[in-house]
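Data block below; observations after.
The values are calculated or read from the model by the stated rules, or taken from the named source; none is laboratory data. Not measured: the values here are computed from a predicted model. Side chains are part of the model used for accessible areas, which takes the heavy atoms of the whole protein and leaves out ligands, DNA and RNA. Shrake-Rupley method; radii C 1.70, N 1.55, O 1.52, S 1.80 Å.
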Amino acid sequence: MNSVFRFAKVLMNNNIGRSFYMGGYGGYDTHGDQFNGLNRNINFVTTAVTNFFNEVKDTQDVTIVIFSEF
């Protein structure tokens, strides 16, 4: 996920590509250890999104949408 955000940041800073970028992060099918697995995944996503937003917020107008199909 961090690599997706780094790549999007490069594209945004150089006005390359589109105004919509999509990334994915799997591993939410945690039947055996739901609490720890979900906690780990949510913390990872929260950190990645926060870092990305803090890096681009002063130079880009950014809307971040997070969704799950699971």
> How large is ³J(HN,Hα), in whole Hz, for each residue of the range 43-49 in order, when computed from phi with the Karplus curve 6.51 cos²θ - 1.76 cosθ + 1.60 and θ = phi - 60°, using x for Gly and Pro?
Replying inline: 4, 4, 5, 4, 5, 5, 5
> With every protein chain present, what is the per residue accessible area of the chain (1.4 Å probe, Å²)?
Replying inline: 81
>> Under the √(5λ) rule applied to the eigenvalues of the Cα gyration tensor, what semi-axes describe the equivalent ellipsoid of the chain? Give them in Å, descending.
In response: 27, 12, 9
> When the accessible area of the chain is split by element with a 1.4 Å probe, what percent falls to carbon and sulfur?
Replying inline: 54
> Mind checking the angle between helix 2-13 and the chain's longest principal axis? C-alpha axes, 0 to 90 degrees, to the nearest 10.
Replying inline: 20
> Using θ = phi - 60° and the Karplus form 6.51 cos²θ - 1.76 cosθ + 1.60, what ³J(HN,Hα) does each residue of the range 31-37 get, whole Hz, x for Gly and Pro?
Replying inline: 4, x, 9, 4, 4, 5, x
